[in-house]
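Chemist: The structure follows.
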There are 2 protein chains.
Amino acid sequence: MTNRLHAVDVDNAERPLFVGVDVGGTNTKIGLVDDAGRSLARTSIPTEEEKGPDDLVARTSSTIKQTLRELGLAQNEAVAIGLGTPGTMDIPAGMMLEPPNLPHWRNFPIRDRLSEASGRPVSFANDGNAAAFGEYWVGSGRAFPSIIMLTLGTGVGGGIIIGDLSIDGEHSHGSECGHIIIDYHDDARMCSCGQRGHIEAYASATALVKRAEEALAKKSGSALKKKIEAGDPITPLLIAQCAEQGDKLSLELVLDTAFYLGVGIVTLMHTVDPAAVILGGAMNFGGHESALGQQFLDRVREVVHERTFPVLAKHIVIDFASLGGDAGYIGAAGIARAAYHKAKRA
Amino acid sequence: MTNRLHAVDVDNAERPLFVGVDVGGTNTKIGLVDDAGRSLARTSIPTEEEKGPDDLVARTSSTIKQTLRELGLAQNEAVAIGLGTPGTMDIPAGMMLEPPNLPHWRNFPIRDRLSEASGRPVSFANDGNAAAFGEYWVGSGRAFPSIIMLTLGTGVGGGIIIGDLSIDGEHSHGSECGHIIIDYHDDARMCSCGQRGHIEAYASATALVKRAEEALAKKSGSALKKKIEAGDPITPLLIAQCAEQGDKLSLELVLDTAFYLGVGIVTLMHTVDPAAVILGGAMNFGGHESALGQQFLDRVREVVHERTFPVLAKHIVIDFASLGGDAGYIGAAGIARAAYHKAKRA
């Protein structure tokens, strides 16, 4: 089922067109994007991990065909595919290695398989860098020559783009910004990766819930505690709702998340010194649309301003992402587009 | 007084030649480097901060002339100059802004002034990135497509080079690796920059002395304590000597330095994922020539291996720098060379 986005219609789309594919643990997003970064259509298909990666490659390829057909486009109008997957991976080799979210997909040459199945060149990227490239190309980062994007969800993802260069690293572990250390002590919080002190262990949704549990075990008298005692499960959404309704403890938990993020952002700024830092992902507490989201963003900015050099405090732009769940496939398409135009120039 | 290096003699030098200038708080190094990165000659002149930057520009320019003359070279054989200075700075504008080591040199357009005085194009860089570029070009990093260099001295300097790209940042604060945060707590150690928790506040020479003072106030019975009580000032060299003579406390202080560095290196690896990490600067505890230096390096490697992802632990190369105090001017010359060849190709 193709979901028409109407960001641009087929007649007005700038040619050539590109396909972006964003493989996730549960769903895989496939979108058609024009040369100006506008989405013509997007589809989400279940990843169905248990059926194996060859099955997903086949379904992705037929979804691309079907999408072009549904839009009345010739198959050759989409000239290249960008593919983002979760790590671990070997980007130059086009391999997925041992993705924790897709435990049965090991050492799979997904780039070349998708290229064979679809008959198109495929550019391969880490999903975090693909999303960052999307925001850099046509999202909140579009006015800036370099950005760092942090994606806040179950974990903390990262992407670093410096002037069209995606920082993939020499071993496909560049931009793993969730795993920078903000506390070296032996008793620092444990990260999902098994190491201590990483920003993800403080500022992810998982970490927020953990901190809430600890706080509730110690404190009494909060609205959050009453909800939990009444049987509600602790979730970031419940914490946000309680914070919005004036619960002091819940607000503290949200603003502490912003504090830890701010600390991590300072480290990233002192390493890369980007023009902007973009916060994406579901855990944005409502983003600009919500007073809580704005309060969260303001606290991040405040912590960064307090802790960075004066010149950077003056110039750095910190904002929410604007493409939502579309960033990944749009960015993947953008990476394919950059490779396509570079090859044409050469 | 020009000091002939004899790394290559004038007849065998590859043309064209480049000049590298490395401005420091006390001395300014000026060297002549051939197209293959070999140093033909180097000179050190006092920076003489109090005389102002125009005076240094004039003396630098005449030193370049004199060096070429002494070597029997025509003035036009040196086609471009690379200039590294300590921050803060505005690299695209060619300005020194408020360098803490040169407090009276504010808002000085050093790039253009040196270019006017010498009649050559000048490439401008941060001194940390210049040194990193030197190691990347012809030093310990020469076999690698990307490196991070940490310079261990009074402070901790940094330089990040990714495939000929020096990470200067949007506001000339890229690669300020000494100022990444390894401890977010309010009681974290205070850095020279006035912020807390930075790696420089743990792993610099200043920090080592501070940690030694604290340890000596608490513990008794160490050889280091006896030396101090006999009137020796606490210095990294004294601590290293005591460690080499079997003093347990001193060795612990040295290896703790390695621990903090290892933590910071992990954060940098999870951001940039370079092929190699190079440790430069005077505080290398004797480097490869000394058992203590080797022990120090081994401990850095051990901490990194324990704390990074398996793929990175397997592949990362961590080693001492090899150019010593020449890295800065050689790297500056290398940056000028890269700009020269790029302009010729265009």
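Chemist: Quick one: angle between helix A:205-218 and the longest Cα principal axis of chain A, in degrees between 0 and 90, rounded to 10, please.
Modeler: Roughly 10 degrees between the two axes.
Chemist: Same structure again: Take the alpha-carbon centre of the stretch A:38-106, take the same for the stretch A:303-325, and report the distance between them in whole Å.
Modeler: 33
Chemist: What is the fewest-to-most order of A:Thr267, B:Thr60 by other Cβ atoms lying within 10 Å of their Cβ?
Modeler: B:Thr60, A:Thr267
Chemist: Looking at the square roots a ≥ b ≥ c of the eigenvalues of the Cα gyration tensor of the protein assembly as shown, which shape do they give, rounded for a/c under 1.5, prolate if a/b is larger than b/c, or oblate?
Modeler: Oblate, because a/c is 1.5 or more while a/b does not exceed b/c.
Chemist: Additional query: Using the alpha-carbon atoms, what tilt in degrees (0 to 90, nearest 10) does helix B:53-70 show relative to the longest principal axis of chain B?
Modeler: So the inclination is approximately 70 degrees.
Chemist: Additional query: Filter the cross-link list A:Lys210/B:Lys219; A:Lys344/B:Lys342; B:Lys248/B:Lys314; A:Lys219/B:Lys218; B:Lys51/B:Lys344 down to pairs whose alpha-carbon distance in this structure exceeds 27 Å.
Modeler: A:Lys210/B:Lys219; B:Lys248/B:Lys314; A:Lys219/B:Lys218; B:Lys51/B:Lys344
Chemist: Stretch A:His104-A:Glu214 to full length: gain in nm at 0.36 nm per residue minus the Cα-Cα span?
Modeler: So the extension gain works out to 36.2 nm.
Chemist: Same structure again: Can you give the alpha-carbon Rg of chain B over 2.2 N^0.38 Å, where N counts its residues?
Modeler: Taking N as the residue count of chain B, the ratio is 1.02.
Chemist: Report, in degrees rounded to the nearest 10, the 0 to 90 angle that the Cα long axis of helix B:327-345 makes with the longest principal axis of chain B.
Modeler: 40
Bear in mind that the values in this text are calculations on the coordinates, not laboratory data. From a predicted model like this one, the values you see are computed outputs, not experimental measurements. Ideal geometry is used to build each Cβ from the backbone, glycine not excepted, and the neighbour counts take in all protein chains shown.
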